[in-house]
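One structure below.
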Amino acid sequence: MRALSGIKPTGTLHIGNYLGAAKQFEMMQSKNYEGFYFIADYHTLNSYPDPSALSENTWNIVLDYLAFGLDPLKSVIFLQSQVPEVVELAFILGNYTPMGLLQRAHSYKDKTAKNEVINVGLFYYPLLMSADILLYKSDVVPVGKDQKQHVEIARDIAEKFNLHYQKDVFVLPEPYIPEDVAIVPGTDGRKMSKSYENTIEMFSSSKDFKKQVMGIVTDSTPLEDPKDPEKCTVFDIYKLFASKPEVDEMAEKLRAGGYGYGHAKKDLLEAMKEFFAPMREKRAELEKNPDFVEKVLKEGGEKARTVAIETIKEVKKTVGLVGNIYC
Ligand code: ADP
Ligand code: TRP
């Protein structure tokens, strides 16, 4: 079974990205899935990123992937833009994609609803993501719930193409979305997202990390009063990091009263610090070793491209584009 996923380098990764996506990559690696994990850099261009910020964010996510436990000997780690064939496939697939399918994409609908000016790159986004998935013939795509529709679009396009040529060129991909981390809440209780500025970033400085955790929004129930754990974002996040007995203990303390939200935040901070400590250490080591990271990308890009070229050849042959016979 082949698993594939990517994360856009639009900023610093947060615990939503980790739990909803990267942690699942590592889990699949441990279950011997053949993994392809990339940094979706082409995908950022529709928001005109600052070039130096884009390259810095890209590099940082490679470090993050490795710190989270992705192993270049077991998984293919690469940048989307190392494999230009993805753009070629996206172009070809566009011809098998009804306009309506892209018009129904949330990413596009949300922007039109806000009357924002939209470029073709944004409209085309699900198509490029479909090419990401189909190019590597991926069976499963580990993502957060917000990406489910995009994986379904990839599946629809693959089905249309296969049906048209009566040939199983593309594998029909399935999203992989574990229920408990499908939507990790942010510090304001909404979905954690870079765009809502409600994130907790596991690799930020200890000071910023603490500030983000202590900034989780709670209601104004006084310290001494009982509190409902089910209506508490601190508790919701704690559940994702602590053991079952620890979670039960916090629930009991909240219900009993005399345990304030400040106490709960401190317990959450400690649990997360402990959880991420080995990854922070590993990341600090990797930062000192850029040659290793470059080697990972060079070899990962080559492996990914070999697979991509095979698929592109097969697609071109299927549709009757004979160009690659003559090059
Ligand atoms: P953001 O919303 O912060 O911009 P991205 O869109 O870059 O995050 O998401 C990268 C990956 O992380 C995707 O697979 C996405 O579904 C997942 N993800 C992002 N935020 C969350 C969240 N709050 N809960 C679960 N998964 C998430
Ligand atoms: N669209 C995804 C996001 O916003 C990133 C992404 C690009 C992706 N291509 C992908 C995820 C292919 C999974 C598979 O987070």
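The values are calculated or read from the model by the stated rules, or taken from the named source; none is laboratory data. Just so we're clear, the structure is a prediction, and the values are computed from it rather than from any experiment. Using ideal geometry, Cβ is built from the backbone for each residue, glycine included, and neighbour counts are taken over all protein chains shown. Please note that ligands, DNA and RNA were not included when accessible areas were found on the heavy atoms of the full protein model with its side chains. Shrake-Rupley method; radii C 1.70, N 1.55, O 1.52, S 1.80 Å.
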Rounded to a whole number, what % of the accessible area of the chain do carbon and sulfur atoms account for, probe 1.4 Å? 52 percent
Sum -39500 (n - 2.57) across every DSSP H segment of at least 4 residues in the chain, then divide by the residue count to get the 222 nm mean residue ellipticity, nearest 500. -16500 deg cm²/dmol
What's the angle, to the nearest 10 degrees (0 to 90), between helix 244-256's Cα axis and the longest principal axis of the chain? 50 degrees
Once the dipole of segment 204-285 is set up from charges on Cβ (+1 Lys and Arg, -1 Asp and Glu), the residue from the list 241, 209, 260 lying farthest towards its positive end is 209
If you count, for each residue, the other Cβ atoms within 10 Å and average over each peptide, how do 106-119, 16-29, 191-204 line up from highest to lowest? 16-29, 191-204, 106-119
Order 144-154, 50-60 from most to least packed using the mean count of other Cβ atoms within 10 Å. 144-154, 50-60
Label zone at residue 263 (point 7 Å along Cα-to-Cβ), backbone N below 12 Å, segment 226-252: 226-227, 250-252
Residue by residue through segment 175-187, what is 3J(HN,Hα) from phi via Karplus (6.51 cos²θ - 1.76 cosθ + 1.60, θ = phi - 60°)? Round to whole Hz and write x for glycine and proline. x, 10, 9, x, 4, 5, 10, 4, 9, 6, x, x, 5
Rounded to the nearest 0.05, what FRET efficiency is calculated for residue 74 and residue 231 with R0 set to 45 Å and r the Cβ-Cβ distance? 0.60
Compare the Cα positions of 306, 144, 24 along the charge dipole of the chain (+1 at Cβ of Lys, Arg; -1 at Cβ of Asp, Glu; about the Cα centre) and return the one farthest towards the positive end. 306
Post the alpha-carbon centroid distance, segment 262-327 to segment 65-113, in whole angstrom. 14 Å
Around residue 12, with a cut-off of 13 angstrom between Cβ atoms, what is the net charge of the other residues, counting Lys and Arg +1 and Asp and Glu -1? -2
With a Förster distance of 25 angstrom and the Cβ-Cβ distance between residue 116 and residue 197, calculated FRET efficiency to the nearest 0.05 equals 0.90
Mind running the shape call on segment 142-300? Use the C-alpha gyration tensor, a ≥ b ≥ c as the square roots of the eigenvalues: rounded below 1.5 for a/c, prolate if a/b tops b/c, oblate otherwise. oblate
Rounded accessible area per residue of the chain, 1.4 Å, Å²: 50 Å²
Can you tell me the 0 to 90 degree angle between the C-alpha axis of helix 51-68 and the longest principal axis of the chain, rounded to 10? 70 degrees
Using +1 at the Cβ of each Lys and Arg and -1 at the Cβ of each Asp and Glu in the chain, identify which of 154, 176, 5 lies farthest towards the dipole's positive end. 154
How far is helix 261-287 tilted off the main Cα axis of the chain, in degrees rounded to 10, range 0 to 90? 40 degrees
Averaging sequence separations of C-alpha pairs under 8 Å and six or more residues apart, then dividing by the length of the chain, give the relative contact order as a whole percent. 21 percent
Förster-model FRET efficiency, 45 Å R0, residue 168 and residue 252, C-beta, rounded to 0.05: 0.25
